[in-house]
Amino acid sequence: MKVGIIMGSKSDLPVMQKAAEILEELAVPFELDIVSAHRTPEKMFDYAKHAHERGIGVIIAGAGGAAHLPGMVASLSPLPVIGVPVKSSNSMDGWDSVLSILQMPGGVPVATVALDGAKNAGILAAQIVGTSQKEVQDRILAYKDGLKKTVLETAETLKNRHA
């Protein structure tokens, strides 16, 4: 099962690349594309309606400003969609993107991560894939164990400095 990572424009790539990086680290296959809800609506419709037929299991959709991409994709696709609000140059501190993705109508769910939170979107997508692929779930468990070890080592270093 593959994860689809889409974004509204090239300017979203620096944020959305973080989802790709964590999926690479967790060895989860993915594809990356630009699919604008406003500038390429036909491409967005095609992507959303047929992604599941191409082996995509989860879609991560990042968008800034009005941020219609995640919700529009969710309205057309049977797949789980994770929305990444992106703080763009024409944004009102990112709140417009957050609220556009977060406030979906009943029947059209979009899981929403923090502003510019593409890394967490990648982890969440991997966790969804991991529900049916034990090897992915094992890598997620190892990743989380690594997070725990880092915190404990940092705490111990801090404690030893101030003892």
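The residue of the stretch 65-106 that is farthest from Val129 (Cα to Cα), among those that are out of contact with any Pro (no Cβ under 7 Å at 6 or more places or on another chain) and assigned to a strand (DSSP E or B), is Val86. Screening Lys119, Lys87, Lys134 for residues that are among the basic types (Lys, Arg) and in contact with a strand residue (DSSP E or B) (Cβ under 8 Å, 6 or more places away or on another chain) leaves exactly one candidate, Lys87. On inspection, Ile56 passes the criterion of being touching a residue at least 40 places away in the same chain (Cβ under 8 Å) and touching a Lys or Arg at 6+ places or on another chain (Cβ under 7 Å).
Note on the stretch 16-70: among residues that are on the phi > 0 side of the Ramachandran plot and modelled with pLDDT under 95, the one that is farthest from the chain's Cα centre (by Cα) is Gly65.
Might you check whether a residue that is in a loop (DSSP other than H, G, I, E, B), under 11 Å from the mean Cα position of the chain (by Cα), under 26 Å from Asp33 (Cβ atoms) and of a type outside the set (Phe, Trp, Tyr) occurs anywhere in the stretch 117-134? Yes, some residue in the stretch 117-134 is in a loop (DSSP other than H, G, I, E, B), under 11 Å from the mean Cα position of the chain (by Cα), under 26 Å from Asp33 (Cβ atoms) and of a type outside the set (Phe, Trp, Tyr).
Would you confirm whether or not the stretch 90-107 contains a residue that is within 15 Å of Ala125 (Cβ to Cβ), under 14 Å from the mean Cα position of the chain (by Cα) and touching a residue at least 24 places away in the same chain (Cβ under 8 Å)? Within the stretch 90-107, not a single residue is within 15 Å of Ala125 (Cβ to Cβ), under 14 Å from the mean Cα position of the chain (by Cα) and touching a residue at least 24 places away in the same chain (Cβ under 8 Å).
Sort out which residues of the stretch 80-98 are aliphatic (A, V, I, L, M) and surrounded by 14 or more Cβ atoms within 10 Å (Cβ to Cβ), and write them in order of number. Val81, Ile82, Val84, Val86, Val98 - these are the residues of the stretch 80-98 that are aliphatic (A, V, I, L, M) and surrounded by 14 or more Cβ atoms within 10 Å (Cβ to Cβ).
Quickly run through the stretch 1-48 and pick out the residues that are touching a strand residue (DSSP E or B) at 6+ places or on another chain (Cβ under 9 Å), surrounded by fewer than 24 Cβ atoms within 10 Å (Cβ to Cβ) and part of a loop (DSSP other than H, G, I, E, B). Passing the criteria: Met1, Ser9, Pro29, Ser36, Ala37, Thr40. You will find that of Ile82, Ile34, the residue that is among the β-branched types (Val, Ile, Thr) and in contact (Cβ under 8 Å) with a residue 40 or more places away in the chain is Ile82 and no other.
The values are calculated or read from the model by the stated rules, or taken from the named source; none is laboratory data. Since this is a predicted model, take the numbers as computed values, not measurements. Glycine also receives a Cβ, built like all others from the backbone with ideal geometry; neighbour counts cover every protein chain displayed.
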